[in-house]
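In what follows, a single structure is set out as structure tokens and then discussed.
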Amino acid sequence: MVWSTPPPQAVRYVVCAVKREKEMSKDSSAIVDTTIQHRRSTRAYRHDPVPNKLVRHILEVASRAPSGCNTQPWRVHVLTGAARQNIVDTVCHAFESEPDQHVSEYQHTPEEFFEPFLSRRRKMGFKLYELADIPKGDKERMRMQQRRNYTFFDAPVGLLFTVNRDLPIASFIGFGAFMQNIMVCAESHGLGTCFQTAWCDYHRIIAPQLNFAKEDLLIGGMALGYPDKDAPINQLRTERVPVSEFAVFHA
Ligand SMILES: Cc1cc2nc3c(=O)[nH]c(=O)nc-3n(C[C@H](O)[C@H](O)[C@H](O)COP(=O)(O)O)c2cc1C
């Protein structure tokens, strides 16, 4: 049907639809902002399993991340049950019995931290150890906290990420977007996460266990599960410098 002028109810319908769309977009931007702001690294988990379907959903949503020329460089090993436990046992055993014998294939921390990064790292470290009730200089307790990385902090799901080492370094940018998507999507489903480069040091023993191809470079792991909200270590809220300190606006 063709109208020369829309009847009043149609006008009302369009006005309402536009208003609703505006309200919805206001709502969804508030939800996205809040979800990003609420995400934090979770280092203690409840034992409740995460449904496999939900993990798949999160990975599917996360894979909408941008990547150079849509190369989608991400590869993920999802570890649950016995597979997760086998990796945890192998790596914890190596951590105990072969200290200092395992190193990452790529450098994930600077040779020596320098300012302003040194102070930021210290601030975060002091707070973390304080919440974990580890006295300053207690190297053994610090080592035990480091070891918790290799249990995925008891999270029921462990993710290990590899990238094809022949891709250019820019692939890490797309990978970062993918990982952030996982963390934000997980947050929106009430799940906690902690990205961990700590896993990289053990690539030599992880690679054969998970049948990595020769070109697979282990770039990190991630704990995924329902947060233990009462755990003191999960009360850590890290600071951020204000926008004025890291952004330059040119007009
Ligand atoms: C590249 C990278 C490596 C990280 N490696 C570890 C790790 O091995 N163990 C750990 O407990 N946290 C690790 N984290 C988490 C950071 O410590 C955390 O993101 C940072 O302190 C900011 O805190 P927030 O995530 O709670 O906002 C890593 C984060 C990133 C992005």
Next on the checklist: List the residue pairs whose Cβ atoms are under 7 Å apart, where the first residue sits in region 193-221 and is among the hydroxyl-bearing types (Ser, Thr, Tyr), the second is open to solvent by 10 Å² or more (accessible area, probe 1.4 Å) and more than 9 Å from the ligand (Cβ to nearest atom), and the two are 6 or more positions apart or on different chains.
Outcome noted: Tyr202/His102
Checklist entry - Being closer than 28 Å to Thr238 by Cβ, of a type in the set (Gly, Ala, Ser), open to solvent by 30 Å² or more (accessible area, probe 1.4 Å) and assigned to a loop (DSSP other than H, G, I, E, B), is that true of even one residue in region 45-64? => result yes
Checklist entry - Looking at (1) touching a Ser or Thr at 6+ places or on another chain (Cβ under 8 Å); (2) without any contact (Cβ under 8 Å) to a residue 60 or more places away in the chain, which is the one condition that is false for Met144? => result (1)
Checklist outcome for this item: Reported set for region 102-130 where residues are in a helix (DSSP H, G or I) and either among the aromatic types (Phe, Trp, Tyr) or surrounded by fewer than 11 Cβ atoms within 10 Å (Cβ to Cβ) (or both) is Phe117, Phe126, Tyr129
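The values are calculated or read from the model by the stated rules, or taken from the named source; none is laboratory data. Only a predicted model underlies this, so the values are computations on that prediction, with no experimental measurement involved. FYI the Cβ positions are ideal-geometry reconstructions off the backbone, even for glycines, and counts take in every protein chain you see. Remember, those area values only see protein heavy atoms, side chains included, never the ligands or the DNA or RNA. Shrake-Rupley method; radii C 1.70, N 1.55, O 1.52, S 1.80 Å.
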